[in-house]
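The values are calculated or read from the model by the stated rules, or taken from the named source; none is laboratory data. Only a predicted model underlies this, so the values are computations on that prediction, with no experimental measurement involved. So basically every Cβ, Gly included, is an ideal-geometry build from the backbone, and we count neighbours across all protein chains shown.
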Amino acid sequence: MRHSVCAARAKGDGEVNARLAGSLLSSTSLPALLLAGLIVAAVTPITSGVASAEDFAHNSGDWGTAANWTPATVPNGVDAVANFNHDAPDQGLGYTVFLAGGPYTVGTLNLNATSTSGGYRFSSGVLNFEASGQAAINVQTHNFIPDLDASASFNLVSDTVVTVDAGAHFTADGVISGASLTKSGDGLLTLNGANTYTGGTNLYGGTLSLGNNAALGTGPVYANGGTTIDIQNGITINNDLTMYAGMNLNVGLGATGTYAGQISEFSDPTAIVKTGAGTLVLTNSNSFSSGAMIEEGTIRVTADHALGSGPITLDGGTLQAGANLNLPNVSILFGAAGGTIDTNGFDVSTTASMGDNDTPSGTFTKTGAGTLTVDGFAGNNNYATATDVAQGTLKAGLGTNLFSANSAYTIESGATLDLNNFQQTIGSLAGAGTVNAGVGGLLTGGNNGSTVFSGVITGNGGLIKDGTGTFELSGSSPLSGGVVVKAGTLLVSGSLVSAGITVDSGGTLGGGGTVGVLDAFGTVAPGKNAIGTLTVDYSAQFRAGSTYAVELNSAGLSDLIDATGAATIDSGAGLTVSNIGLGSLVAGTRYTVLEAASVSGTFTLVGDPQVSAFISLSTTSDATHAYIDVTQTQTFGSAGLTPNQIATGAGLDSAASSALVSAVLALPSDAAAQAAFDQLSGEVHASAKGMLLQDSHFLQDAVTARLRSAFGDSGKTTSLPVMAYGEDGVQSVAADTDRFAIWSQGFGSWGGTDSDGNAAAFDRSTGGLLVGADGLAGDWRIGVVGGYSRTSFNADDRHSSGDSDNYHLGLYGGTNWGAIAFRTGAAYTWHRISTSRSVALQGFTDGLSADYDAATAQAFGELAYKTDAGPFAFEPFANLAYVNLHTDGFAESGGAAALTSGSSSSDATFTTLGVRASTDITIGGVAATARGMFGWRHAYGEVTPLSTVAFAGGDDFTIAGAPIARDAMLVEAGFDVQLARNATLGLSYAGQFGPDAFDNGFKANLGISF
């Protein structure tokens, strides 16, 4: 007995459902069905064990030739088995098996050969499939495609299972007739013939590709979960389809395939999945409720129920209308890839709820001419996937809030968002299309995004801006209803001239466009992050608590509200100023910020009107304007604290307008101004003068030491190198030689002066060499001295430094009158000074340098009284020195902070009282001399050096430098060691210590006699 069972599936609980000749059979007893002989379609083919298997052992040939088979018997009969195991050559065409002598009958056909191309082709005849149970075609071949060509046919006398293993492919171009066909296995079965089999088609795995409208015969189709039906281009399938646990419908790229049969579901409903980049057309009203997932390509529907009643999931694919539709589906969901609804020139409506099926990252796109109407109930659609109305119209149904309040909407040019005269809410609005409000209203901005809409909003309805983002309207919209800025910012850079605008307390209105009546409870800020003019084509009112946010610039321009009607400023309406560029504000400037047919009231300036240490703002109004006035509240000089700061500020007050003046005007506080004046003062030039006056003592000390040595007085330096001309020429001699002598003295010192609260601390280091020559003239020793030294100095707190190259020349002489010694001299020093300093203020920097000359002239004298006390020699002394410094004028190189100065002279007088002592000692058998000095130096007159300078275009002002110590303690200590008969090493230290100053110097001398 042969049966036409198309599908059978055993459930996990033992229940079996089967369909026989188009009728559904159901039983809870699997054994009962087996005993009744009803379950004959199974995934694994069943063959009779009666017939033996015959192997086709040749290449191409006739089925009916016994010699082509091993053993040499032609398989032909019920349950006969035919095996094709012979590998086909890699020639592309494979082998051909001719059926012309038939028809032939087999129960099982096994195709097991392997090849990289080609395969067995059945041609020119009929092959019947008949078995005691089910007939079977088993395709285990990989790498080549066996097929049934158009000249041959298969007749399914018995229900036949075609098993195509994974990776294998069988193509049937010829006609298949007879009973049912069951597709099993994960491979591909292609049916291209106009098949006439009537028993139906069962899918248990893999892919069934259909290349003919009648490929599935005349019976129904049953598809198990995980299977795929692939419809080739131009093919229309009319067979009814029943799904079990869902399936895939595939149409390849560039192809359009139609499934016109009715699609239903058997049990365990799972969504039908559309794959492939082509278009699947569904024309029937289908009853499945499991839904559809469109992952690739397009599904075109021409009937309301074409996709059943379940959810539609768009995850990369397109749902396209082929007629006017009213979709009954319960929901439309968007996957991570989003999807498209193409109205395709038709009108489509749906009451489906629209939501996200995954984390929203894609876009829902509405394309095609025609209208998509979303209906249902308020809040029905809550998806966060972005919405792009690219073409046609997206329309709300009959109700409020039918659009998604969570989605960012983009309305492309030529497309329309139609509110249908109801209040609708969307996440945000962008694009260049049209929003038709009708008499409804649009609430946008709740997703806190920032967008630009350059399109048109029409109708008599309203617009509400919500959320923290910025919404810019750059087009001209004839919307005539009210506009409310509830939160965030609304920028009008186009026109809303027909709409009155209310700015709530949490909202901001900006832009440089035109609006209608303005009623501000919140903030109005013309322009878009820049100065701009907002035009009000009627009246404007600023309520108490509102804020007018104004920006000013360096050109004297400001934001402006230009109203054609009356402007009313209620008491308590505030005005703020930002983006000022304070350095550019000029005292006396008036900014016009409101212009109207009439103005009543005055804005209250919010915040501290003192916007810098020197600039203050104020508000005022007249009959048709509101203003901001700029006033300088104090001079630069009045902000100073120290004499130098006050003097520098006064000098800057008289200077020409410059970037420097603007930068100082912008400084936020007196303290900041004082720090700026310290940098600008040029104090280093004054401090350098004091340094040169004070360092004049190095030459004095060297000459005095030479004269003491020459006369053998106490405190003498025995190791001072002295050369004299004798009988054998120039030779090293004792310091107190009677002959003409040449000597030299190296010196080095570092010191500094602490800040006195006006001038900054000043440090310097110096080093040099002096060379002298002298001889006896009666009781006098007369000589000449010259040399070079270099001094480096800095005032770190003033970002200033410099150096001086010094060239020395002088005369000296001395004599003794008994125990009284007299020493005197005069010298002249040329100085070549270089300075550099930097200025860094908020909004201003400058690098400055100067090179100029100076000269020091000095005269000095000393009286000393020599006395001995045992092994000690003492010498009380009194020293007097006068020093005069002349400094040339200079002009600093740099920018607006550069200073100029004329030539100047300054002087100082120093007296020193002290005592020197020395004694000869022996250390470990080595002769040595220990010596020392202690004294007090006093400076007379003005000890603070001054420098008179000026800024470009300004008056002179005088700056004080680091002062010379008026009183200082002097200390010297040294010793000379007789290293050998003709060699003496001398080491000495000299220091000066004042209340806020110090100086340390060391000398080392090695004297060798020849």
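Evaluate the following for Gly572: is it of a type in the set (Gly, Ala, Ser) and modelled with pLDDT under 90?
Values: of a type in the set (Gly, Ala, Ser): yes; modelled with pLDDT under 90: no.
No: the conditions fail for Gly572.
Taking Gly507, is it on the phi > 0 side of the Ramachandran plot, crowded, with 21+ Cβ neighbours inside 10 Å, modelled with pLDDT of 95 or more and out of contact with any Pro (no Cβ under 6 Å at 6 or more places or on another chain)?
It is false that Gly507 is on the phi > 0 side of the Ramachandran plot, crowded, with 21+ Cβ neighbours inside 10 Å, modelled with pLDDT of 95 or more and out of contact with any Pro (no Cβ under 6 Å at 6 or more places or on another chain).
What about Ala563, is it of a type in the set (A, V, I, L, M, F, W, C), modelled with pLDDT of 95 or more and either under 19 Å from Leu605 (Cβ atoms) or surrounded by fewer than 22 Cβ atoms within 10 Å (Cβ to Cβ) (or both)? Write out each step before concluding.
Details: of a type in the set (A, V, I, L, M, F, W, C): yes; modelled with pLDDT of 95 or more: yes; either under 19 Å from Leu605 (Cβ atoms) or surrounded by fewer than 22 Cβ atoms within 10 Å (Cβ to Cβ) (or both): no.
Spelling it out, it is not the case that Ala563 is of a type in the set (A, V, I, L, M, F, W, C), modelled with pLDDT of 95 or more and either under 19 Å from Leu605 (Cβ atoms) or surrounded by fewer than 22 Cβ atoms within 10 Å (Cβ to Cβ) (or both).
Output the residues belonging to the stretch 410-466 that are polar (S, T, N, Q) and part of a strand (DSSP E or B).
Keep residues of the stretch 410-466 that are polar (S, T, N, Q), which gives 410, 413, 416, 420-421, 423-425, 428, 434, 436, 444, 447-448, 450-451, 454, 458, 460.
Those that are polar (S, T, N, Q) and part of a strand (DSSP E or B): Thr410, Thr416, Gln423, Gln424, Thr425, Ser428, Thr434, Asn436, Thr444, Thr451, Thr458.
Residues are listed down the side, and each one gets a yes or a no for (1) touching a strand residue (DSSP E or B) at 6+ places or on another chain (Cβ under 8 Å); (2) aliphatic (A, V, I, L, M); (3) closer than 15 Å to Ile299 by Cα:
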| site | (1), (2), (3) |
| --- | --- |
| Leu208 | yes, yes, no |
| Ile229 | yes, yes, yes |
| Asn233 | yes, no, yes |
| Thr275 | yes, no, yes |
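Give the number of residues within the stretch 789-836 that are under 24 Å from Thr648 (Cβ atoms) and either at pLDDT below 95 or of a type in the set (A, V, I, L, M, F, W, C) (or both).
Qualifying residue count for the region: 3.
The conditions are (1) hydroxyl-bearing (Ser, Thr, Tyr); (2) buried (at least 21 other Cβ atoms within 10 Å of the Cβ); (3) in contact with a Leu (Cβ under 8 Å, 6 or more places away or on another chain), and Thr228 fails exactly one of them. Which is it?
Only one criterion in (1) hydroxyl-bearing (Ser, Thr, Tyr); (2) buried (at least 21 other Cβ atoms within 10 Å of the Cβ); (3) in contact with a Leu (Cβ under 8 Å, 6 or more places away or on another chain) is unmet by Thr228, namely (2).
Applying the selection to the stretch 654-695, what residues are part of a helix (DSSP H, G or I), over 18 Å from Arg798 (Cα atoms) and more than 43 Å from the chain's Cα centre (by Cα)?
Leu692, Leu693, Gln694
So that you can scan it fast, the table gives a plain yes or no per residue for (1) without any contact (Cβ under 8 Å) to a residue 12 or more places away in the chain; (2) touching a Pro at 6+ places or on another chain (Cβ under 7 Å); (3) farther than 30 Å from Val839 by Cα; (4) of a type outside the set (Phe, Trp, Tyr):
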| site | (1), (2), (3), (4) |
| --- | --- |
| Thr576 | no, no, yes, yes |
| Arg590 | no, no, yes, yes |
| Ser612 | no, yes, no, yes |
| Gly640 | no, no, no, yes |
| Gln645 | no, no, no, yes |
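Of all residues in the stretch 856-867, which are in a strand (DSSP E or B) and touching a residue at least 40 places away in the same chain (Cβ under 8 Å)?
Those that are in a strand (DSSP E or B) and touching a residue at least 40 places away in the same chain (Cβ under 8 Å): Thr856, Gln858, Phe860, Glu862, Leu863, Ala864, Tyr865, Thr867.
Considering only residues of the stretch 542-559 that are more than 32 Å from the chain's Cα centre (by Cα), surrounded by fewer than 19 Cβ atoms within 10 Å (Cβ to Cβ) and not hydrophobic (A, V, I, L, M, F, W, C), which is nearest to Val599 (Cα to Cα)?
Restricting to residues being more than 32 Å from the chain's Cα centre (by Cα), surrounded by fewer than 19 Cβ atoms within 10 Å (Cβ to Cβ) and not hydrophobic (A, V, I, L, M, F, W, C), the top hit is Arg543.
Considering each of Arg837, Arg823 in turn, give the residue that is part of a strand (DSSP E or B), basic (Lys, Arg) and over 22 Å from Asn794 (Cα atoms).
On the way: Arg837 fails: over 22 Å from Asn794 (Cα atoms).
The conditions single out Arg823.
Let me spell it out: the conditions are (1) touching a residue at least 12 places away in the same chain (Cβ under 8 Å); (2) surrounded by fewer than 19 Cβ atoms within 10 Å (Cβ to Cβ); (3) assigned to a strand (DSSP E or B), and Thr922 meets all of them except one. Which number is the exception?
Unmet condition: (1).
Among the residues of the stretch 332-364, what is the count of those that are among the β-branched types (Val, Ile, Thr), surrounded by 20 or more Cβ atoms within 10 Å (Cβ to Cβ) and either part of a loop (DSSP other than H, G, I, E, B) or touching a helix residue (DSSP H, G or I) at 6+ places or on another chain (Cβ under 7 Å) (or both)?
Matching residues across the stretch 332-364 total 1.
Among Ser407, Ser428, which is the only one that is closer than 15 Å to Met354 by Cα, of a type in the set (Ser, Thr, Tyr) and buried (at least 21 other Cβ atoms within 10 Å of the Cβ)?
Matching residue, one of Ser407, Ser428: Ser407.
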